[in-house]
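J.: I'd like to ask you about the structure that follows.
The values are calculated or read from the model by the stated rules, or taken from the named source; none is laboratory data. Everything numeric in this text was worked out from a predicted model, so none of it was measured. Backbone-built Cβ (ideal geometry, glycine too); neighbour counts: all protein chains shown.
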Amino acid sequence: MSRRHLVLSCLAIPLLVLLAGSPAAAATTSHHTDYVALGDSYSAGVGAPGQVGPCQQSPYGYPGQWAGRHRPRTFVNLTCGGATTDDVRNLQIPLLSRQADLISITIGGNDAGFGETLLACLTGTDATCAAVVAAAETDVRATLPAKLDATYAAIHHKAPRARVVVLDYPLLFDTTSASCPSSGMSVAKRRALNDGARVLDRTIRNRVRAARLTFAEVRGTFAGHGICSTRPYLNGIVPVPASDSFHPNLAGYTFGYLPALTRAAR
């Protein structure tokens, strides 16, 4: 979820999708639904094929797949890789239609220093990783709740009749194997990073419930499919493009995120 440049240029012309050409076969119809996707790289589809533009949006991210299967009346994709809560409020929500009646979002990982923490764990010792994750957890508890509250309130204010589905983040790593060349992480580092993800997810869940929005948990659908597992739903280290590293792959968006949104949007 590294921060992306030219975010405003990416969002200035929202992607209004004509759904007949979507990559996913239609399963049901939602002809009266106006769907808007907000959020960061985990909503943009970073890690999946077909990414375009500075925001790295992929039609195989969960928003594009949901739209292809359910055929809403309109689908506007305002997601952007690297987005923070400030970016959602300042760049995405101003383009959000008041007529939207379904909104999905993942946000908070970049505010929590997701990329910086992963890099520190990749390059440092087990002790360094544990310390960096602990510091990130402290910051999440101290500062993220207010940022999430402000973001959720701004979404509701702009689109008051919408069902807002907030999805969380999966645990990145399988920790059952002693070695994991695809991740570059020891078992201790993987456990520490998973613990940090749990703190982040609990914070998101609690603020979503306080805002009376819809929370969609993805850890269950990703269970057994972390990096280092035999069938991972997430990319390990990817040389090119490096930004795909530690993001869901096509299977992760299809079998991890999409079912969670589908259940929550009913």
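J.: Which residue is surrounded by the fewest Cβ atoms within 10 Å (Cβ to Cβ), if the candidates are limited to region 247-266 and must be touching a strand residue (DSSP E or B) at 6+ places or on another chain (Cβ under 9 Å) and part of a loop (DSSP other than H, G, I, E, B)?
T.: 265
J.: State which residue is farthest from residue 97 (Cα to Cα) when the search covers only region 155-176 and only residues that are touching a Lys or Arg at 6+ places or on another chain (Cβ under 9 Å), part of a loop (DSSP other than H, G, I, E, B) and not hydrophobic (A, V, I, L, M, F, W, C).
T.: Of everything passing the filter in region 155-176, 175 is farthest from residue 97 (Cα to Cα).
J.: Follow-up question, since we're still on this one. From the list 94, 170, 160, 145, exactly one residue is modelled with pLDDT of 95 or more, within 19 Å of the chain's Cα centre (by Cα) and surrounded by fewer than 17 Cβ atoms within 10 Å (Cβ to Cβ). Which is it?
T.: 145
J.: Any residue that is modelled with pLDDT of 95 or more, crowded, with 22+ Cβ neighbours inside 10 Å and either at positive phi or among the charged types (D, E, K, R) (or both) - is there at least one of those in region 128-142?
T.: No: region 128-142 contains no residue that is modelled with pLDDT of 95 or more, crowded, with 22+ Cβ neighbours inside 10 Å and either at positive phi or among the charged types (D, E, K, R) (or both).
J.: Looking at residue 117 and the list (1) farther than 21 Å from residue 226 by Cα; (2) touching a Gly at 6+ places or on another chain (Cβ under 8 Å); (3) part of a helix (DSSP H, G or I), which single condition is not satisfied?
T.: Single failed check for residue 117: (1).
J.: Further, regarding this structure: Of a type outside the set (A, V, I, L, M), over 18 Å from residue 220 (Cβ atoms) and within 19 Å of the chain's Cα centre (by Cα): is that true of residue 191 in this structure?
T.: Taking the combined requirement at face value, the residue does not satisfy it.
J.: Let me ask something else about it. Please enumerate the residues belonging to region 58-79 that are among the hydroxyl-bearing types (Ser, Thr, Tyr) and over 18 Å from residue 244 (Cα atoms).
T.: Of everything in region 58-79, just one residue is among the hydroxyl-bearing types (Ser, Thr, Tyr) and over 18 Å from residue 244 (Cα atoms), namely 74.
J.: Determine, yes or no, whether residue 17 is modelled with pLDDT under 95 and among the β-branched types (Val, Ile, Thr).
T.: Yes; evaluated as a whole, the condition is true for this residue.
J.: For region 96-112, what are the residues that are in contact with a strand residue (DSSP E or B) (Cβ under 8 Å, 6 or more places away or on another chain) and either aliphatic (A, V, I, L, M) or not in a loop (DSSP other than H, G, I, E, B) (or both)?
T.: 96, 100, 102, 103, 104, 105, 106, 107
J.: Something else now. Residues in region 199-249 that are among the basic types (Lys, Arg) and touching a residue at least 40 places away in the same chain (Cβ under 8 Å): how many?
T.: Going through region 199-249 one residue at a time, the tally reaches 2.
J.: In addition: Can you pull out every residue in region 177-191 that is in a loop (DSSP other than H, G, I, E, B), modelled with pLDDT of 95 or more and surrounded by fewer than 18 Cβ atoms within 10 Å (Cβ to Cβ)?
T.: Residue satisfying the conditions is 186 alone.
Residue by residue, here is whether (1) modelled with pLDDT under 95; (2) surrounded by fewer than 21 Cβ atoms within 10 Å (Cβ to Cβ); (3) not in a loop (DSSP other than H, G, I, E, B) holds:
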| position | (1), (2), (3) |
| --- | --- |
| 50 | no, yes, no |
| 64 | no, no, yes |
| 68 | no, no, yes |
| 73 | no, yes, yes |
| 86 | no, yes, yes |
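J.: Name the pairs: first residue in region 116-143 and under 19 Å from residue 179 (Cα atoms), second residue outside any helix (DSSP H, G or I), Cβ to Cβ under 6 Å, at least 6 apart or on different chains?
T.: Once the first residue is under 19 Å from residue 179 (Cα atoms) and sits in region 116-143, its partners that are outside any helix (DSSP H, G or I) give 118/246; 122/184; 126/186.
This table checks each residue for (1) touching a Phe, Trp or Tyr at 6+ places or on another chain (Cβ under 6 Å); (2) closer than 19 Å to residue 85 by Cα; (3) among the charged types (D, E, K, R).
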position: 137; (1), (2), (3): no, yes, yes
position: 154; (1), (2), (3): no, yes, no
position: 157; (1), (2), (3): no, yes, no
position: 173; (1), (2), (3): no, no, no
position: 187; (1), (2), (3): no, no, no
position: 191; (1), (2), (3): no, no, yes
position: 200; (1), (2), (3): no, yes, no
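J.: Looking only at region 203-246, which residues are out of contact with any helix residue (DSSP H, G or I) (no Cβ under 9 Å at 6 or more places or on another chain) and part of a helix (DSSP H, G or I)?
T.: Once the filter is applied, which keeps residues that are out of contact with any helix residue (DSSP H, G or I) (no Cβ under 9 Å at 6 or more places or on another chain) and part of a helix (DSSP H, G or I), region 203-246 yields 205, 209, 242, 244.
J.: Can you tell me how many residues in region 250-266 are in contact (Cβ under 8 Å) with a residue 60 or more places away in the chain and aromatic (Phe, Trp, Tyr)?
T.: 2
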